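The values are calculated or read from the model by the stated rules, or taken from the named source; none is laboratory data. The model shown is predicted, which means the values in this text are computed figures rather than measured ones. Here the Cβ positions follow ideal geometry from the backbone for every residue, glycine too, while neighbour counts run over all protein chains shown.
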Amino acid sequence: MNPASDAGIFTERLLNEGGAQATDLLQYLCSIQQHYSCIPPQAVETLARVLALTPSVVLGVIEFYSFLHRTPRGQFDILVSDSITDQMLGSRDLLQRLCDRLGVCVSQPGSDGRATVATTSCTGMCDQGPALLINGQVVTRVDNERLDRIVALVQAGSPLEDWPQDWFSVSDNVYRRDQLLDEHSANGDSLRVLLDRGAADLLQELDDSGLRGRGGAGFSTALKWKLCRDASADERYVVCNADEGEPGTFKDRVLLQSWADTVFEGMTLCAGIIGARRGFLYLRGEYRYLLDSLHTALENRRASGLLGSAILGEPGFDFDIDIHLGAGAYICGEESALIESLEGKRGIPRIRPPFPVTSGYRNRPTVVNNVETFMAAVRIAEHGSAWFRSKGTAQSPGTKLLSISGDCRDRGVYEYPLGVSIEEVLSDCGADDVQAVQVAGAAGRTLPPAEFGRTLAFEDVATGGSFMVFDHTRDVLDVVQNFTRFFAHESCGFCTPCRVGGSLLRDLVDKLHDGHGSEYDIREMRDIAGLMQAASHCGLGHTAPAPVLDLLDHFPDVWRQRLAAGGFEPSFDIDAALSEAKQLTGRDHSGGRMGGDV
């Protein structure tokens, strides 16, 4: 899989097949990466020439996404999940064992060019980890025995299609069903309701239901669709945000694996209401394994008259869906960054306003909703707003899917009416002796037992779906350290408060974790966190300090016992930094570092 001299020819053919659109740059790069295990220089040159871009623009996109590389990764590109829940299941030991057995260092291709082993933030397999991605395909439930067999197959150069196929099995692990998950079919019933009642009437039904976005922000779905419909434009778009990158979240994976028909119907329903003709499913790169089944579902819907031209025989009801693959960028879960990525660019969040409903994809009105939101819209069209409001609370009607992982008996997906207490959720999933619960992922809230009586609802503890459990065998500081490193890594780098502040918080948490923190450092954490929340460009910077602040506010015993007894200690150890130079030169100027013999 080393880059070949025909990379330019391969790229030309790829561009001809895809219509050579600059908006598809990321998709071309994903295909080239998959074929060559990198983006060869010839491919960069061809992309720039044919798409009328500068090479620096193409290289900038490559450097932005963590799944794209300019140097070869080898026949096997192996990524080990480094999420906190996978670490709790032993992923760090498995990573070291894998590197030792293959004779490689982390993130460095082996000398034989056979394999590269690295980490990735989260694979979305927290209910069946530890997990690996191998050439984009997921391997779940990895233990030492399975790892040793993987090593043997890699060393033998066996192609993935010859590996045991049960290794690539991904389970749904659904433990509780309610309004959304009780049904599987999506055979066009909601679209028939649309045609019978009309767009305005059905939009009012959606408004009466009180459906709010299930991605975490909780914006009114009906209002978003209405604003997009009423915006003056010649084209409108529907985008399903399936970039499920929040650590500990995997419920959208389950919906796309077993309820894809319903999700696609929800997008089509939205298109019929707002007048869109084209839609996109933006699929996170970690879910590449779903591509074939999703394309099959789309083809089946086209064959059944539920997608394409004249849907259900209605002249003018034309709508189709393309799938765009992400490439490892958490920031692309933010809707404006996602749109930038859809347009083939680096996923830098836009300045808002204008908002996507008036100026989104290609500066046209665009609805961006979460996977679960589109599915809920279908159920409301089929059963009505009163049915939907029969569950949940007045301010948070309906149900919510939770991705439950960590220290509990039954890790998987649970559907609850909004307003359920954290205590009830912990009881149902078999969690005992719980020290902390992380709600809404790394960007959410770290709650102590005193707050387990609170409810999951927009008016209390809002969540996009992640629910991680930590018992008293865990060190909460380990959890916070994982999250701060995650945010420092995933910052897009656009604004200084997030780019610099995130790195400073990471370093201060590392210092505290190693037993060198001081009261001064604690004050510094609060000051930096406040600055990030007030001045960051987008939501990532606003929420990144949350784990640190919750640590300081809710778990004082955890951090106070780690403070250095002697007070302030500098983060930078100049003697350690100069130790190698001293050994090489044979000098140790204890009286001063800047003077002396030269």
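Brief remarks on what is shown
- Qualifying residue in segment 272-291 (condition: outside any helix (DSSP H, G or I), aromatic (Phe, Trp, Tyr) and touching a residue at least 60 places away in the same chain (Cβ under 8 Å)): yes
- Checking Ser503, Ser491 one by one, the residue that is within 26 Å of Arg350 (Cβ to Cβ) and in contact with a Cys (Cβ under 8 Å, 6 or more places away or on another chain) is Ser491 and no other.
- In segment 69-97, the residues that are touching a strand residue (DSSP E or B) at 6+ places or on another chain (Cβ under 9 Å) and part of a helix (DSSP H, G or I): Ile84, Thr85, Asp86, Gln87, Met88, Ser91, Arg92, Leu94, Leu95
- In this structure, Asp112 does not qualify as within 22 Å of Ala152 (Cα to Cα), outside any loop (DSSP other than H, G, I, E, B) and charged (D, E, K, R).
- Residue check, Glu382 within 18 Å of Thr463 (Cβ to Cβ) and part of a helix (DSSP H, G or I): no
- Considering segment 322-340, and only residues there that are of a type in the set (Gly, Ala, Ser) and not in a helix (DSSP H, G or I), the residue that is farthest from Phe486 (Cα to Cα) turns out to be Gly326.
- Matching residues, segment 115-134, being assigned to a strand (DSSP E or B) and either among the hydroxyl-bearing types (Ser, Thr, Tyr) or under 17 Å from the mean Cα position of the chain (by Cα) (or both): Thr116, Thr119, Thr120, Leu132, Leu133
- Residues within segment 138-157 that are out of contact with any strand residue (DSSP E or B) (no Cβ under 6 Å at 6 or more places or on another chain), of a type in the set (A, V, I, L, M) and in a loop (DSSP other than H, G, I, E, B), tallied: 0
Let's see how each residue does on (1) out of contact with any His (no Cβ under 8 Å at 6 or more places or on another chain); (2) outside the structural domain of Asp148 (by TED's automatic domain parsing); (3) modelled with pLDDT of 95 or more:
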position	(1), (2), (3)
Thr23	yes, yes, yes
Tyr28	yes, yes, yes
Cys38	no, yes, yes
Gln42	yes, yes, yes
Glu45	yes, yes, yes
Ala52	yes, yes, yes
Pro55	yes, yes, yes
Leu94	yes, no, yes
Arg97	yes, no, yes
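- Candidates Ala488, Ala443, Ala450 - the one that is within 30 Å of Gly60 (Cβ to Cβ), among the aliphatic types (A, V, I, L, M) and part of a helix (DSSP H, G or I): Ala488
- Just so you know, in segment 491-509 the residues that are of a type in the set (A, V, I, L, M, F, W, C), in contact with a helix residue (DSSP H, G or I) (Cβ under 8 Å, 6 or more places away or on another chain) and outside any helix (DSSP H, G or I) include one that is farthest from Ser536 (Cα to Cα), and it is Cys492.
- The single condition among (1) over 22 Å from the mean Cα position of the chain (by Cα); (2) touching a residue at least 40 places away in the same chain (Cβ under 8 Å); (3) closer than 16 Å to Gln257 by Cα that Gln137 does not meet is (1).
- Of everything in segment 505-524 that is in contact with a Leu (Cβ under 8 Å, 6 or more places away or on another chain) and surrounded by 23 or more Cβ atoms within 10 Å (Cβ to Cβ), the residue that is farthest from Val479 (Cα to Cα) is Gly517.
- Long-range neighbours under 6 Å by Cβ, at least six apart or interchain, first residue within 16 Å of Glu340 (Cβ to Cβ) and among the hydrophobic types (A, V, I, L, M, F, W, C) within segment 49-67, second surrounded by 16 or more Cβ atoms within 10 Å (Cβ to Cβ) and modelled with pLDDT under 95: none
- All conditions but one from (1) modelled with pLDDT of 95 or more; (2) buried (at least 23 other Cβ atoms within 10 Å of the Cβ) apply to Val154; the one that does not is (2).
- Residue match in segment 239-247 (condition: in the same structural domain as Gly316 (by TED's automatic domain parsing), surrounded by 15 or more Cβ atoms within 10 Å (Cβ to Cβ) and farther than 27 Å from Gly285 by Cβ): no
- Residue match in segment 368-390 (condition: polar (S, T, N, Q), closer than 30 Å to Ala118 by Cα and out of contact with any Cys (no Cβ under 6 Å at 6 or more places or on another chain)): yes
- Among the residues of segment 344-359, those identified as out of contact with any His (no Cβ under 9 Å at 6 or more places or on another chain), buried (at least 20 other Cβ atoms within 10 Å of the Cβ) and over 15 Å from Gly275 (Cα atoms) are Gly344, Arg346, Gly347, Pro356.
- Subset of segment 442-451 [of a type outside the set (A, V, I, L, M) and either buried (at least 18 other Cβ atoms within 10 Å of the Cβ) or closer than 17 Å to Ser403 by Cα (or both)]: Gly444, Arg445, Thr446
- Hey, Cys105 without any contact (Cβ under 8 Å) to a residue 24 or more places away in the chain and outside any helix (DSSP H, G or I) or not: yes
- Any helices (runs of 4 or more DSSP H) falling wholly within segment 158-263 and containing at least 3 residues that are under 20 Å from Ser390 (Cα atoms): 199-209
- Out of Ser121, Ser111, sole residue that is farther than 20 Å from Tyr28 by Cα, without any contact (Cβ under 8 Å) to a residue 12 or more places away in the chain and not assigned by TED's automatic domain parsing to the domain that holds Leu15: Ser111
- Among the residues of segment 209-226, some residue qualifies, meaning at least one is more than 24 Å from Ala440 (Cβ to Cβ), without any contact (Cβ under 8 Å) to a residue 24 or more places away in the chain and of a type in the set (D, E, K, R).
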